[in-house]
1. State which residue pairs qualify: first residue closer than 25 Å to S47 by Cβ and among the β-branched types (V, I, T) and inside segment 111-133, second residue modelled with pLDDT of 90 or more and buried (at least 19 other Cβ atoms within 10 Å of the Cβ) in any location, beta carbons under 6 Å apart, and separation of 6 or more residues or different chains.
2. If I ask for residues that are surrounded by 15 or more Cβ atoms within 10 Å (Cβ to Cβ) and closer than 20 Å to L114 by Cα, which ones from segment 144-165 would you list?
3. Would a scan of segment 66-78 turn up a residue that is crowded, with 17+ Cβ neighbours inside 10 Å, more than 17 Å from the chain's Cα centre (by Cα) and among the polar types (S, T, N, Q)?
4. Which pairs turn up if I take residues in segment 89-105 that are under 15 Å from G124 (Cβ atoms) and look for partners that are modelled with pLDDT under 85 with beta carbon separation below 8 Å, at least 6 apart in sequence or on another chain?
5. Is it the case that some residue within segment 166-176 is closer than 18 Å to D118 by Cβ and assigned to a helix (DSSP H, G or I)?
6. Of the residues in segment 127-146, how many are within 18 Å of Y170 (Cβ to Cβ) and modelled with pLDDT of 95 or more?
7. Could you please give the count of residues in segment 123-132 that are in contact with a Pro (Cβ under 9 Å, 6 or more places away or on another chain), surrounded by fewer than 22 Cβ atoms within 10 Å (Cβ to Cβ) and either closer than 11 Å to V182 by Cβ or aliphatic (A, V, I, L, M) (or both)?
8. I need the full set of residues from segment 73-114 which are within 25 Å of A54 (Cβ to Cβ), assigned to a loop (DSSP other than H, G, I, E, B) and at pLDDT below 90, in order please.
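The values are calculated or read from the model by the stated rules, or taken from the named source; none is laboratory data. Every value quoted in this text rests on a predicted model; they were computed, and no experiment measured them. Every residue, glycine among them, receives a Cβ derived from its backbone with ideal geometry; neighbour counts consider all protein chains shown.
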Amino acid sequence: MKKLIFLLLLGGLYSCGDEVQPKPGAYLALEYPLPVYESYDPDCPYSFEKNIIARVKPARASRDCWINLEYERLRGTIFITYQPVRNNLDSLLRDAQKLPLQHTIKADAIEGSLYKNDLHRTYGMFYQVSGNAASQAQFYLTDSVKHFLTGSVYFEAQPNFDSILPAAAYLKRDIRHLMETVEWE
């Protein structure tokens, strides 16, 4: 009997060596299709290539040449606005540069990068916003003479940077492609 108690105590002490560790939380792995682009040529003074998964819808403001590129699977939209330049380039640029700054309250960082394409006469800025801001990316393009195009990404969800990061990265790549392919009439 003493041997049995001794073996149980010894077994109990031996088994207490490793602590049980909880499993780390799992994260949702989102995968989106590889982008395939097609020409989009509306009855407007601009054209560009868009991802085939984006549906084009006229903007609610119903202004000429304002469109929304809706990504149903990502629950996100790129809102695109067009305005002709009529001796108002300074005010258009000022407004476009102020727009990303409206997100500084919630944003962790706003990084702007210059864009220049002499071949297509497109010049502008691309803003990447990180953090729990309402918009994760914004841009503007102009030819500095006649045309001014702006765009911004919004999601149909409460801003949570970690959750929308894969979708935001996907749409940022599409915006860059859109910017690279804009042509003016």
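1. T122/L141; T122/V182
2. H147, F148, L149, T150, G151, S152, V153
3. No, because not a single residue in segment 66-78 is crowded, with 17+ Cβ neighbours inside 10 Å, more than 17 Å from the chain's Cα centre (by Cα) and among the polar types (S, T, N, Q).
4. P100/I110; P100/V129; P100/S135
5. yes
6. 1
7. So the count comes out to 1.
8. L99
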